[in-house]
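Below: one structure, written as structure tokens.
Taken together, the values in this text are just the output of simple stated rules run on the coordinates, not laboratory data. The model shown is predicted, which means the values in this text are computed figures rather than measured ones. Every residue, glycine among them, receives a Cβ derived from its backbone with ideal geometry; neighbour counts consider all protein chains shown.
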Amino acid sequence: MKQELRSIRALVVLACLASASFSASGPALAELAELVPLPEVELGTYDPEVRAVLESARKRIDELSRADAVEPARLAEAYGNLGRAALFYLQGELARASLSNAATLDPGEFRWHYYLGSHDHDERRLPEARASLARALVLRPGDGATLIRLGRVLLLLDEPDRAAEAFESARAKTQWVAAALYGLGRCAAQRGEPEVAVGFFEQARELQPEAAEIRQQLAMAYRDAGKPDAARAELAVRPGGELIFPDPLVESLGLEFANSAVYRGLAAQSAGRLEEAAREYRKAVEGDPENSAFRQALGDVLVTLGDKDGAVRELQEAARLDPGDAMVRVSLGRALAQRDGFTTEVAEQFEAAREVGPDLKEARIGLGQALSRLGRFAEAVAEFEVAVRADPDDAAGRLLLGETLLLLNRNEQALEQLALAVESFPDRPQALVNYGIALSRTGNAEGAAEVLRKVIDGDASTRQKSLAHLELAETLDRLGDSATALLHYRSAADLLPEYKPPQLGLARALNRAGRHGEAAETYALVLLVDPDDVGALGERARSLAAAGRVDLAVTELARARSTLVEPSARAEIGLTLAGLRQTAGQHQEAAELLLEVVAEAPDSKDAHFNLAVELGRQGNHDAAIGHLKRVVEIDPEDVEARLVLAQLWAGGGRFAEARSTLEVAHGRLPENLPVARALAYILVGSPDRAVRDPEAALPVARRLYEARPAAEHAALVAAALAGSKRLEEAVEWQTRAVSEAEAEKLPERQLELMRKDLARYKQGT
Amino acid sequence: MRWLRSARWALLSAFFLVQSAAVVADDCTGPQLLFEVAESSGIEFFHDRGATGGKYNPETMGSGVAWLDYDGDGWLDAYLVQSGPFPPDRSAGAANRLFRNLGDGRFEDVTTRSGSGDTGYGQGVVAADFDGDGFTDLYLANYGGDRLLVNRGDGTFEDRTRDAGLGADGWSSSAALADVDRDGDLDLYVARYVEHDPAAEPFCANPDTGERWYCDPSVFEGASDLLYRNLGHGKFEDATQASGLGGADGKGMGVLMVDLNGDRWVDIYVANDMTWNFLFVNRGDGTFEDSSLLSGAAVSREGMPEAGMGVAAGDVDGDGDADLAVTNYDVQTNTLYRNDGDFRFEDASAGSGFGVPSFNMVGFGLALADFDRDGHLDAYVANGHTVETPSRANVFYRQPDLLLLGNGRGGFTSEPCRLPPEGPTVSRGIATADYDSDGDADMAVQRSGGALALLRNQADVGSWLGLQLSGRGANTGGVGARAELVTDRGSQVRWALAGDSYQSSSDPRFLFGLAAGTSVKQLLVDWPGGRRQLLPAPELGRYYHLVEPE
């Protein structure tokens, strides 16, 4: 046996015998149990198209295996197809098992033995490669690629004589001559015949002068043949090419899979030819309508092409076919968001994706975006947090998280996330703008300014530059540099004249700079963009009024109010208009208008308050009190309303109600000085003696003085002491009051009153 | 879009998530040889590669290990190189560590009291007597400034880098010593990798995802290797240009110095990453000839440069000369260059069984020793990929190491079951030593971003003979000596090297394994100075201490 195996012919004979033994009649299906089990391969990390190709091929095997009667060759073809696909997609173990089964089922088919042998050769399973290639050679005698492969395997197995026979046979094939000559040279070198090797290598070099492999071996052969100079000369050339020889079956893998609709689609998509990609994916879908991955691929491309309805249709179908595929849900969510905006339905799709794939980052990110757009920022933050925990390197996720945290005013946390995002995206304007905002909000105005200037000076979009100017302007405002801030507001507005925030920022800055006329003009630009912006309308009116053009402001507001239908908008305009009328001294018109506003916006505390003030001014205290009570109902913390209410009670002689109102207000806001002062006054000096309570007034007055040591407050303490019959202390405090009043340069009349009180206290009256 | 990738994606992105077996034989001819004992020995060392997402190439390199008897008590101590944060920060305190061998299988950490805890971003180390005072010193190849730690002889070290005229800046990888000019003291070769500036790190993208990724070495310019001539008394001079090595700007990873043609002049072999390996032939006049390409040991059989990492030299085919072995990247396979004499090497990887088992591996450390004590050199290969998610199927970041048992005729068989049955790791520098002096080769294995492994050899077959040399001149360790053990079954030859493998330095002593029943005739030692010493019929199972004759 050993003797026979020294010859390539013997190998072929052996392979013939082996083939004949199991190809005589083909195996019965009952023998299928002897097939190699296919390894379970984790395909989760593969793109859907690859997964689909492999799964589709595997499904075909399953279908045929379940059938009652199936031709072994047919099943072999199915295994072979899976094997080829697995080879192409570098699934070595799967390829080997599949091809091995194909060869077992259809041992008369050359391809399976060749693929198996070439794969084993590539993976350096040399004895197995030798066996498979020998069988292939039996089935296709003289095949050039097989001969070259086999020769190379035999060389690696250190069998140069048998390898030489294979190469010698291949030498007769035109396309394989160079590879054969090179192989023969290697055999000679391996046998220790450098001169013979030189001859072969030189011939091979003539055919393929760019092949580094040939020149290297030729140089070594020269060296070993005692020609070091020739060796050095050969080594000095050092071309970078490889030895080329045709390997049609292996090359066909690429062509075959590259020619599949899915692969063509993928290639077209990768090259940016999206319409072509869509056409190819559509063909794939037509070929296999039940394949959710093909539909997903088509849907994703259609989204990019703008065919949103088509995309949603395909992706809905994909989701129906494979409801457990989280990524399909994500794609569907994205398509729906493209088509309809971030609606509740979009959020539901992403929720479904999260349900199916709780670890899928894309589902969390999509859901976070949807929730954020729906204003559910806290929930969005929770999703983004899961996503970045799952992938701490996901800078885009951190950016979204940081942005949303900013919306929640969780500025320190936002800063932390955005700082990390900026590390990964040091030049991305969106990240920098948000980072700048976070820095500014967390008190690092100078750092914010530096970051925002980087955006302004960098390669950002117009919108991003405008936002950066706007944020920088606000930051500079906080730093007290209003003049420079104003320039940035203007730059922001000039860059995006149709975007309201910069225009509004500029208008407000102009107002702050006292340039009300320019502010009004700027508001006019805002109103050109959004005529329904009642806030801007009101602000323009106030700017006009401040610029002395009250009539124009009133006219504009009245005209606007007459065209508005929505009650809250009418009320907002009405409130501003009423204010202007009050400013213009048109109290009756103002009161009438405010009555209308109160009817339109019964919960508007400003409307009630302004109306109460106007009614009070007209002496209609009861009506005024009613509206002020309503204000307090709407906002129990509204101190101003309680103070006015107490004044109205007192003005109407109802001091007990006044005291009660002030006591409630003081209880709620003990630090509020106007309330405390009013309460102290009424307690020490109410005309209604029953309401007076100097002992209760004393602590209020003392705290007032502690909070602000003024003459008025010292006098209140003195009055409370005197009312409590503590005259010596009252004298002391009144003396201090007089002294401080003199230092404060209070009017003489007031000083005189204080001196009189001091005299009274001294006299004990 | 998750799946909008380049057309290459299909070929590049596919990988299994399940671990597969390496291309190795399943059968073993004997029981497990090497056992992991780091924990019980008291060596607790965790390599910090400093990876924080910046994808700087130095993070992938790992570090080395040296065996030396620093305190002269006869037991080999372990010096472990640490890397630390990157970009390097000496103040961060990530220090190399010295573990003293207590002689009972246990070690104690003596880093602080020995003053050997350099905090540079460590790569390689070589241990030898630099100044001829009889105490073993340490040279540290660092990223960002090499260091020479001189052994004071009292159990402490001091940094004498500047005084010695050493301390290359830039990115050093490995170092080796030998008396290249035969003036009696040890000269130093430093293999350096590439010119690299973390502040100007180029952006290299993962072909799958477009995210920042480790750059291919081709992105960087190779750094020039350095040869320092020992002037005596602890002083060195840069002899790179004068020796004709000025053009040695490959991307050096591993280096060794050994006499490759038997003329007693030490030659230099350097494994380079993606550029051809260097073989510098010592002309004997202070200069070297670049015979890299002509030797056949520079490139693969296909004429292509490979990603050389670790190097080893040994007579694997029993013909008395030093063959060369190099670890490479996956698919390339490791390479065995058989020495055919007169600086002619033949790539014998394929037919020898040396290359095929490494097909799916990225090899780093490499050691040739007779692990199974059958009288033939075996190979231990440390494996582990450089990137966390390799693109090729069946190739993984964590990989099993290889133990290739030699047959003495240049053939090898992989026997994985003779290694510890632990999972795959990311191994880098390795060094052998018979640290328990029981006559077999033990092993220290550095793991990139992992815990050091101490593998104790428990070979209980055959016999052995050990030899420790004491030179009379400044080369007190006899580095460069050749020892030949003549037996009734042929001869075994060993060379005393200082620095080999990957970034590492092994046991300076000779250790011969002998198959059961082997009869030893004599032991011949050729000292680097030219003297020959004969030890007739030496007794087996012990270490001899030979002093260089007058």
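Values as computed for the structure displayed
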| read-out | value |
| --- | --- |
| Lysines with Cα under 21 Å of A:Lys756, excluding same-chain neighbours fewer than 8 positions away | A:Lys725, A:Lys745 |
| Simple spin-label estimate for A:Thr174 and B:Thr389 in nanometres, 7 Å along Cα-Cβ | 4.8 |
| Length added when fully stretched, A:Glu592-A:Glu742, from 0.36 nm per residue minus Cα-Cα | 49.3 nm |
| Dipole magnitude of segment B:376-510 about its Cα centre (Cβ charges: Lys, Arg +1; Asp, Glu -1), debye to nearest 20 | 420 |
| Nearest-ten-degree value, helix A:308-321 long axis tilted from longest Cα axis of chain A | 70 |
| Of A:Leu133, A:Val554, A:Leu405, farthest towards positive along the dipole that unit charges on Lys, Arg, Asp, Glu beta carbons give chain A | A:Val554 |
| Charge dipole (debye, nearest 20) of chain A; +1 at Cβ of Lys and Arg, -1 at Cβ of Asp and Glu | 1260 |
| Cα-based shape type of chain B, given that a ≥ b ≥ c are square roots of the gyration tensor eigenvalues and the cut on a/c is 1.5 | rounded |
| ³J(HN,Hα) computed for each position of segment A:476-493 - Karplus, 6.51 cos²θ - 1.76 cosθ + 1.60, integer Hz, glycine/proline x | 5, 4, 5, 7, x, 9, 5, 5, 5, 4, 4, 4, 6, 4, 5, 4, 4, 5 |
| Cα gyration tensor shape of segment A:656-704, rounded if a/c is under 1.5, else prolate or oblate by comparing a/b with b/c | oblate |
| Which of B:Gly244, B:Thr389, A:Ala493, positive extreme of dipole for the protein assembly as shown (C-beta unit charges) | A:Ala493 |
| Three-way shape call for the protein assembly as shown based on the alpha-carbon gyration tensor, with the a/c threshold at 1.5 | prolate |
| Extension reserve of the A:Asp68-A:Arg559 stretch, reckoned as 0.36 nm per residue once the Cα distance is removed | 168.2 nm |
| Sequence-distant residues sharing a close amide H with B:Gly254 (under 5 Å, placed H) | B:Ala271 |
| Restricting segment B:389-477 to trypsin sites (Lys or Arg not before Pro) in coil, as DSSP defines it, with at most 13 other Cβ within 10 Å | B:Arg409 |
| Computed [θ] at 222 nm, deg cm²/dmol, the protein assembly as shown (DSSP H ≥ 4; -39,500 (n - 2.57); rounded to nearest 500) | -14500 deg cm²/dmol |
| A:Leu207-A:Ala233 FRET efficiency (beta carbon distance; Förster radius 25 Å; 0.05 resolution) | 0.85 |
| Sequence-distant residues sharing a close amide H with B:Ser83 (under 5 Å, placed H) | B:Asp48, B:Gly122 |
| Alpha carbon centroid spacing (whole Å) that separates segment B:409-477 from segment A:339-379 | 57 |
| Cα-based helix-to-principal-axis angle, A:411-424 vs chain A, degrees rounded to 10 | 30 |
| With Cα atoms, 0 to 90° folded angle of helix A:212-224 axis to chain A main axis | 50 |
| Dipole axis of chain A (+1 Lys, Arg; -1 Asp, Glu on Cβ), positive-most option in A:Ser739, A:Val526, A:Gly616 | A:Ser739 |
| B:Thr287 versus B:Asp89: modelled label distance in nm, points set 7 Å from Cα along the beta carbon direction | 4.9 |
| In sequence order, calculated HN-Hα J values of segment A:660-668 (Karplus, 6.51, -1.76, 1.60; Hz; x Gly/Pro) | 4, 4, 6, 5, 5, 5, 5, x, 6 |
